[in-house]
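Here is the structure we will look at.
The values are calculated or read from the model by the stated rules, or taken from the named source; none is laboratory data. From a predicted model like this one, the values you see are computed outputs, not experimental measurements. Cβ placement follows ideal geometry from the backbone for every residue including glycine, while neighbour counts extend to all protein chains displayed.
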Amino acid sequence: MEASIDFKIELDRTDKRWHYESVVISSEKEERKMDLTFGDVQETALIPLAIKASETARANARIVDLKAKEIIDALGVDVSKYDPFLSHEGVVARTILYKNELKRLIEKYPDALCINLGCGFDDKFSQVDNGRITWFDVDLPDQIEKRRKVYSDRDRCTMLDGSALDGEWTETLPKHDLSIVVMEGVLEYFSKEQVKTCLNMLCDSFEHGYLLAELHSPFLEKNGSHHDAVKHTNATFGWGTKSGLEYLELEPRMRLISETSYNEEMKKYSIRGKIFAIVGKNINNRLAVFEW
Ligand SMILES: C[S@@+](CC[C@H](N)C(=O)[O-])C[C@H]1O[C@@H](n2cnc3c(N)ncnc32)[C@H](O)[C@@H]1O
């Protein structure tokens, strides 16, 4: 049973990070307390959460994420600093691109094992579930602990502690012929060495699979401190690439299937999005699909 959420928060913003005293989540059955002090990269999960919630509340919303809205409404605090124009449009674009790509793959492999690696507070399972896939939401233990306060495990959708840099957790997964790994907003924070560790781990752990990866540019790597939303956190960007082909040098078992700039989606919706697609042609993030 889903818990009803009653966030009782004492907010202390003495520095750039969120400091909630506690959040009380009650249901008829239980009361759970959550400490919402985030790690540096973990805090970035609030950015897509805030954006998905605010887009859901708009008239003619391009994406609808009722769970994100429920969580943000329950928090009852101002998260507007996580929701500036370019990041908003980027998260809307990537949510649409990821959903389309995932649906396409799930249509082809309806019984696939799907893993949302670095899931944060994302509810992608609800968007793409076909009634048959087996889904795992995986993140670092402290993040999964927070996620458990606002999500419960569902039929075929299970939360799991695990790191993208260590494959131990994969040994507990059921064996499947085909795995689809979603990494949205995660690899951008890794060094080149960490990206290699992650790609090698995926190929070692899953015999045949697809990786949906968000890639960012060398420009963003160098200028991350000016990013309109991430600058409000203590996270820093890692290794940026001009092309997904650079990943293949780190993991030759992978093949690059497609690579799509978020500009392709962003330019459909506003003049500012169109202009950014021209002036920021090579600096926007991309969705790259790899197969092995
Ligand atoms: C920007 S958030 C993205 C969250 C989610 N994918 C989304 O799009 O809403 C980055 C996430 O990566 C997770 N993360 C960072 N390092 C990780 C690691 N080594 N293994 C797994 N997850 C990690 C963080 O805890 C955080 O939840």
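A few notes on this one:
- Just one of the listed residues (D161, D153, D129, D111) is within 13 Å of the ligand (Cβ to nearest atom), acidic (D, E) and in the same structural domain as S191 (by TED's automatic domain parsing), namely D161.
- Of the set (1) in contact with a helix residue (DSSP H, G or I) (Cβ under 8 Å, 6 or more places away or on another chain); (2) under 30 Å from G280 (Cβ atoms); (3) of a type in the set (S, T, N, Q), all apply to N100 but (1).
- L117 being farther than 20 Å from I180 by Cα, within 10 Å of the ligand (Cβ to nearest atom) and within 13 Å of the chain's Cα centre (by Cα): no
- Residues satisfying the stated conditions in the stretch 139-154, i.e. more than 26 Å from C198 (Cα to Cα), out of contact with any helix residue (DSSP H, G or I) (no Cβ under 9 Å at 6 or more places or on another chain) and at pLDDT below 95: K149
- Only one entry in E221, E214, E207 is crowded, with 19+ Cβ neighbours inside 10 Å and not aliphatic (A, V, I, L, M), namely E214.
- Residue satisfying condition, being without any contact (Cβ under 8 Å) to a residue 60 or more places away in the chain, farther than 21 Å from G209 by Cα and assigned by TED's automatic domain parsing to the domain that holds P110, within set K196, K192: K192
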